[in-house]
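The values are calculated or read from the model by the stated rules, or taken from the named source; none is laboratory data. What you see is a predicted model; the values in this text were computed from it and never measured. Reconstructed Cβ throughout: ideal geometry from the backbone, glycine too, with neighbour counts over all protein chains shown. Please note that ligands, DNA and RNA were not included when accessible areas were found on the heavy atoms of the full protein model with its side chains. Shrake-Rupley method; radii C 1.70, N 1.55, O 1.52, S 1.80 Å.
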Amino acid sequence: MAKHNELMMLPDSYTLITGASLGIGNTMARYCAGLGMNLALVSLPNEQLGKTAEDLAKQYKVKVYFLEIDLTESDAPQRVVDWILFENLNINILINNAGLAGASIFETSTLDYIDARILLNIRATVLLTRLFIPILAKNKNSYILNVSSMAAFYAIPYKSLYSATKSFILNFSKSIRVELRGKGIHVSVLCPSGVRSNGVMHDRMDKHTIFARWAEVTPAEVAKTAIDKMLKHKFLIIPGFFSRLVVSASLFVPSSVQERYILHEYRKEVQAGYE
């Protein structure tokens, strides 16, 4: 609890969370507010982010600012920074959570489908990280938490873009962690397994085998594990014992066996018509 207390003693600091209106981002915002952290929340327009901000501020007695913006727009990362500077908010935690999943047959994927995932999952995360480093560096201790996925450890047919972008985030985080070592900015990467964060995810995960569903984790478990371990300066964060076991076991399973199993699992999402 030392790290939690340290943060709660900084009334002028804020935690910035992207993709904060729904799913894991929303749950992390709630958990952070419960720890006494002030919040700067970012999400797409028309997702009731204002109500979320109002509810969190009222329930947890913290300060909450919000910005509705599409992070795939070319100038969006800079606009987020401009907003923070305009409001004069001291950001000491950056949580790059916003991202797009999806399942598709690559050869028939539209260019817009491809572009959206690259722009949000990679470009927005990288540019926000770069732009916020000077702001984070003003604090004695600050944190970057990038949200990747268990998919980062595998090449997944029909989720080629998602798994590739999440692998990028994992390796990008590894690299900047080394570069920022000793500068007071602690980098962590979160790799959750399947999370039933909304109705679509419920349906997607119901298409998988019982073995895959054993790795499921709740949004609350992900949020608590992610924030607690981030504050303890843990780098690789994988919520759930079974998920950690799967990653370890995959080092000893032949790639041909992994490929057959993964193909069998994720073909179902495409056959069910999910994108």
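Thr125 sits among other residues whose Cβ lies under 13 Å from its own Cβ, and their net charge, with Lys and Arg +1 and Asp and Glu -1, is +4. With a ≥ b ≥ c taken as the square roots of the eigenvalues of the C-alpha gyration tensor of segment 106-167, please select rounded if a/c is under 1.5 and otherwise prolate if a/b is larger than b/c or oblate if it is not? Here segment 106-167 falls in the oblate category.
May I ask you to compute the full-extension gain from Arg267 to Asp55, defined as 0.36 nm times their residue separation minus their alpha-carbon distance, rounded to one decimal in nm? The partial results should precede the final answer.
Details: separation 212, 0.36 × 212 = 76.32 nm, distance 3.99 nm.
Length gained between Arg267 and Asp55: 72.3 nm.
Would you kindly work out the equivalent ellipsoid of segment 50-102 from its C-alpha gyration tensor and give its semi-axes, the square roots of five times the eigenvalues, largest first in whole Å? Walk me through the numbers on the way to the answer.
Working: eigenvalues 92, 52, 23 Å².
The equivalent ellipsoid of segment 50-102 has semi-axes of 21, 16, 11 Å.
With θ set to phi - 60°, apply the Karplus curve 6.51 cos²θ - 1.76 cosθ + 1.60 along segment 56-62 and write out the HN-Hα couplings as whole Hz, x wherever there is a Gly or Pro. Coupling constants for segment 56-62: 5, 4, 6, 6, 10, 6, 10 Hz. Taking all protein chains as they are arranged and a probe of 1.4 Å, the heavy atoms of Asp112 leave approximately 130 Å² accessible to solvent.
Could you sort 184-193, 29-38 so that the peptide with the highest average Cβ count within 10 Å comes first and the rest follow in order? Before the final figure, lay out the partial values.
Working: 184-193: 23.4, 29-38: 21.4.
Most protected by this proxy first, the peptides run 184-193, 29-38.
Computed from backbone phi with θ = phi - 60° and the Karplus coefficients 6.51, -1.76 and 1.60, the 3J(HN,Hα) list for segment 179-184 is 4, 8, 4, x, 9, x Hz; x is used for glycine and proline.
What full-extension length gain, to one decimal in nm, is calculated for Gln78 and Phe235 as 0.36 nm per residue of separation minus the Cα-Cα distance?
In short, 53.9 nm is gained.
For segment 34-101, what % of the accessible area comes from carbon and sulfur atoms, probe 1.4 Å?
Details: 1580 of 3290 Å².
So the carbon and sulfur contribution to the accessible surface is 48 percent.
Find how much the distance from Gln48 to Lys224 grows on full extension, using 0.36 nm per residue of separation minus their present alpha carbon separation; answer in nm with one decimal. Each step should come with its number before you reach the end.
Numbers: separation 176, 0.36 × 176 = 63.36 nm, distance 2.32 nm.
Going from the current span to full extension adds 61.0 nm.
On average, how much accessible surface per residue is there in segment 1-119, in Å², for a 1.4 Å probe, leaving out ligands, DNA and RNA? Accessible area per residue: 49 Å².
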